[in-house]
Amino acid sequence: MSGEGLVEIVNARGFHGAAYGVDQTAYRVQTKGVDSLFGAISHLGTERQKGMDLQSTLDGQMLCKQLLQVRLDLLPERVTDLFFILAATNSRELAKFQHLGFRVVDSDIGANLAQKEDHRTQLTFEAVVVMCAIYKLGDGYWRIGSMNMSCTGSPRDLKTALMKLEELGFPRKHDKSSQEHLVIEGVRRYLELPRHLVKSADVQVSSSNSMTIQYAIEVTNEHDEASDVAEAMAKGQQLQTRLEGPELHQTILEEIFRFTNEKVKPERLRMLPVVVKPLSDLLIEVRWEFGEVKRQDMKDHSYLDGALIAFAGRSLQEIIDYRGAHGVRVVHNGVVDYEGMWVGPVGVNDASDGSIKHKGLVLDELPRAGTRTFEVMLEQLPPHTTDIFVIVSSPSGRELSKYNNITVVLSAGHQVSTCLLKSKPSSPGVVFCRLFKQGATWKLGACRSPTTGGCHDFRPVIDGLRAIQAQTHPGSAQISLGDASSRVER
């Protein structure tokens, strides 16, 4: 299991995750019995031996073993829990079996890591038992725990076993998310804030089973003038004083009791220090889902290109993509071009002063999803920067309609805002959204304008953006970068 839900079921008959709700369409190979664990867990077979003593031999008893191999180094990162389940194949109950147990052995050195054997003669009148769990917590270390929980079912029907695990709180993220909602709702009620201002940041579970819930409260000033920038910080300090009071502690306990009807001891809830800081660094993530790559495809259509184009009024300032800053102000023979005509990446100048960086590309082949990330350091942006456009394009020239759920997510430790491409344009590129400066405040605006340009040729994109800037900045001059005395006669 992962934090989201069931990943795969492995037994002597193969892989059966699709029969229990695992979405097979999320995998690159859409075939029956696909292994979503990439060979990390395999069934090695069944061993049968005659009784260990004379009485067992006379009674016709046999010692049987089910062997499973687990490669922890091959397991996908999202897998957090492994459960070993025994089920009676040709019997309706486990009462006919004796000395049920498990043993976990390190196959490299042969060390016995864990072992437990039930010596009761009559174990249970049910047909399925969850023997043990191998689980991973937030520190990344794997642990082994005995469970010995029985339920009804059969090897061909493990739904009751999955329901039993759900009663025990698995998948763990579902249980954590309910607790997270209670804490955030308690904070919101105590401060009397709208729901969209109190957001979840992170949830972690330590090796001691203590849960840490981080949340963020977005505070903005009511005015856009630069003189009122300190207003938001002052409001944040006022909230900090209230959050550090004892009343919040009691409000969260009441909220948990109101939803779960369970009382939590006050000493088990500990409040961490409150930090007030301005929004200085912003991550811009371009996310998408791609289709199955077929063998007859001549080009790879799995990934998308992303770029950030910065403007200073109506003048092009800088272009940043996977190649870095293009240095559009410097052209041939070292001549400075204040009109910012793009001639391709030069790499010898960065008009954004290093405040916009491409962080990397991540492709997950299993769910067929990709993420391209940029970092924008707002405090380091040049003071004359007014607009930053987010451009998404297909490097292979494929229509964006072939991709699903193209989304731009802005985050700063928590999700700040999201912009979704609702339509499916037939063009290979789109001007997705823009960050624009209004006074001393940066805001997000949606564009969703199709374009024929992209990272291979930005000229069509720039022509469209110049038209947008001419409407949004009608009073600004075309040349707004640098000092007039420093311009070179051309």
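The values are calculated or read from the model by the stated rules, or taken from the named source; none is laboratory data. Because the structure is a prediction, the values reported are computed rather than measured. Note that each Cβ is placed from the backbone with ideal geometry, even for glycine, and that neighbours are counted across all protein chains shown.
A quick yes/no check of all residues on (1) more than 20 Å from GLU117 (Cα to Cα); (2) not in a strand (DSSP E or B):
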| site | (1), (2) |
| --- | --- |
| GLN66 | no, no |
| PHE83 | no, no |
| ASN90 | yes, yes |
| ALA95 | no, yes |
| GLN98 | no, yes |
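For a quick check of your reading of the model, give me the residue pairs whose first member lies in the range 336-362 and is in the same structural domain as GLU285 (by TED's automatic domain parsing) and over 19 Å from GLU375 (Cβ atoms), whose second is at pLDDT 70 or above and assigned to a strand (DSSP E or B), with beta-carbon atoms closer than 6 Å and at least 6 apart or on different chains.
From residues that are in the same structural domain as GLU285 (by TED's automatic domain parsing) and over 19 Å from GLU375 (Cβ atoms), the pairs are GLY340/SER315; GLY340/LEU316.
Suppose we filter VAL22, VAL79, VAL29 for residues that are under 27 Å from GLY140 (Cβ atoms), β-branched (Val, Ile, Thr) and either at pLDDT below 80 or assigned by TED's automatic domain parsing to the domain that holds ALA369 (or both); which single one remains?
Being under 27 Å from GLY140 (Cβ atoms), β-branched (Val, Ile, Thr) and either at pLDDT below 80 or assigned by TED's automatic domain parsing to the domain that holds ALA369 (or both) holds for just one of VAL22, VAL79, VAL29, which is VAL22.
Would you check which residues across the range 190-205 are more than 30 Å from TRP142 (Cα to Cα) and exposed (fewer than 15 other Cβ atoms within 10 Å of the Cβ) and list them?
Result: GLU192, PRO194, ARG195, HIS196, LEU197.
Does the range 382-402 include one or more residues that are modelled with pLDDT of 90 or more, farther than 23 Å from GLY291 by Cβ, among the charged types (D, E, K, R) and more than 23 Å from the chain's Cα centre (by Cα)?
Taking every residue of the range 382-402 in turn, at least one turns out to be modelled with pLDDT of 90 or more, farther than 23 Å from GLY291 by Cβ, among the charged types (D, E, K, R) and more than 23 Å from the chain's Cα centre (by Cα).
Can you tell me which residue within the range 416-441, out of those that are out of contact with any strand residue (DSSP E or B) (no Cβ under 6 Å at 6 or more places or on another chain) and assigned to a strand (DSSP E or B), is surrounded by the fewest Cβ atoms within 10 Å (Cβ to Cβ)?
In this case the residue turns out to be GLN438.
Taking only pairs six or more apart or across chains, which ones have beta-carbon atoms under 9 Å, a first residue in the range 139-155 that is under 16 Å from LEU82 (Cβ atoms), and a second residue that is of a type in the set (S, T, N, Q) and surrounded by fewer than 16 Cβ atoms within 10 Å (Cβ to Cβ)?
TYR141/SER207; ARG143/SER207
In this structure, does ILE388 turn out to be assigned to a strand (DSSP E or B) and in contact with a Phe, Trp or Tyr (Cβ under 6 Å, 6 or more places away or on another chain)?
Criteria not met by ILE388.
Return the residue satisfying two criteria in turn: it lies in the range 347-381 and is part of a strand (DSSP E or B) and basic (Lys, Arg), and of such residues it is nearest to the chain's Cα centre (by Cα).
ARG372
Pull up the range 248-265, narrow it to residues that are exposed (fewer than 11 other Cβ atoms within 10 Å of the Cβ) and charged (D, E, K, R), then point me to the one that is nearest to GLY169 (Cα to Cα).
GLU262
Checking TRP288 against (1) outside any loop (DSSP other than H, G, I, E, B); (2) over 24 Å from LEU378 (Cβ atoms); (3) modelled with pLDDT under 90; (4) not polar (S, T, N, Q): exactly one of these is not met. Which one?
Every listed condition holds for TRP288 apart from (3).
Could you say which residue among SER394, SER401 is crowded, with 22+ Cβ neighbours inside 10 Å and small (Gly, Ala, Ser)?
Of SER394, SER401, the one residue that is crowded, with 22+ Cβ neighbours inside 10 Å and small (Gly, Ala, Ser) is SER394.
Quick check, is ALA412 closer than 30 Å to MET233 by Cβ, within 31 Å of the chain's Cα centre (by Cα), aliphatic (A, V, I, L, M) and modelled with pLDDT under 90?
no
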